[in-house]
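Okay, structure first, notes after.
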Amino acid sequence: MCLLDFGLCAEIDLQSRKAMTSAIVHLLTGDFDSLIARDAKDLGFLPEDMDVSELKPILTKILSEGLLQSGSNLHARKRNLMNISNELNEVFFRYPFSVPPFFALITRGLGLLEGIALSGDSDFDIFQASYPYARKRAVKIYGKHRFGRLQRNLTQLE
């Protein structure tokens, strides 16, 4: 099977790719301060000069309860998805968030691929399936030694 959708094509510059990798690592390690204060700005979600001190506790609560506590449990993530979406929508309307066009394409593409995979395997977990690639990218960007430290921190959180 071959699926081509050139509407989902985008070129992502090196700085944005590094910022996405950092954001994923910070999310998985629970480093919400870096995720919100630095990564969200580097990716263009928030203005560079924005004071995020009011936003940090709100997003930390939503992300830790909604994503990290579910872990790779697909069924728990599905139950939390609507709550997370509703809470994030409220936050996005109250603060000057902007979604970069390439990021919207990435989420659309992942949603499409996950939907196709779930139709063939109802237990498919996109996080588990993408982990080997994400790990390889993180090692390439951070280096083996630094990624090893981040991975040990992640293991301690489990």
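Would you check which residues across region 91-127 are aliphatic (A, V, I, L, M) and under 14 Å from the mean Cα position of the chain (by Cα) and list them? Write out each step before concluding.
Step one: filter region 91-127 for residues aliphatic (A, V, I, L, M), giving 91, 99, 104-106, 110, 112-113, 116-118, 126.
Scanning region 91-127 gives Val99, Ala104, Leu105, Ile106, Leu110, Ile126.
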Practice problem: Filter region 120-158 down to residues that are surrounded by fewer than 13 Cβ atoms within 10 Å (Cβ to Cβ) and not in a helix (DSSP H, G or I) and give me whichever is modelled with the lowest pLDDT. | Solution: Glu158
Quiz item: If you take the residues of region 75-112 that are farther than 28 Å from Asp13 by Cβ and among the basic types (Lys, Arg), which of them is modelled with the highest pLDDT?
Solution: Arg94
Quiz prompt | Tabulated pairs, region 123-142, first free of Cβ contacts under 8 Å to residues at least 40 places away in the same chain, second charged (D, E, K, R), C-beta under 7 angstrom, 6+ apart or interchain | solution = Ile126/Glu114
Practice problem: Tell me which residues, restricted to region 92-119, are in a helix (DSSP H, G or I) and within 30 Å of Asp49 (Cα to Cα). | Solution: Phe92, Phe93, Arg94, Pro101, Phe102, Phe103, Ala104, Leu105, Ile106, Thr107, Arg108
Exercise. Report, ordered by the first and then the second residue, all pairs with beta carbons closer than 6 Å, sequence separation of six or more or different chains, a first member in region 40-51 that is without any contact (Cβ under 8 Å) to a residue 24 or more places away in the chain, and a second member that is of a type outside the set (S, T, N, Q) and in a helix (DSSP H, G or I).
Key: Glu48/Lys41
Exercise. Please identify the pairs in which a residue from region 11-23 that is over 13 Å from Tyr142 (Cα atoms) has its Cβ atom under 7 Å from the Cβ atom of a residue that is at pLDDT 85 or above, counting only partners at least 6 apart or on another chain.
Key: Ser16/Leu43
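For Ile24, are the conditions met, namely being under 12 Å from the mean Cα position of the chain (by Cα), surrounded by fewer than 18 Cβ atoms within 10 Å (Cβ to Cβ) and modelled with pLDDT of 75 or more? Before you say what the answer is, go through the steps one by one.
Details: under 12 Å from the mean Cα position of the chain (by Cα): yes; surrounded by fewer than 18 Cβ atoms within 10 Å (Cβ to Cβ): yes; modelled with pLDDT of 75 or more: yes.
Yes: the conditions hold for Ile24.
The values are calculated or read from the model by the stated rules, or taken from the named source; none is laboratory data. Small disclaimer: the values here were computed from a predicted structure and weren't measured. Heads up, the Cβs are rebuilt from the backbone with ideal geometry, glycines too, and the neighbour counts pull from every protein chain shown.
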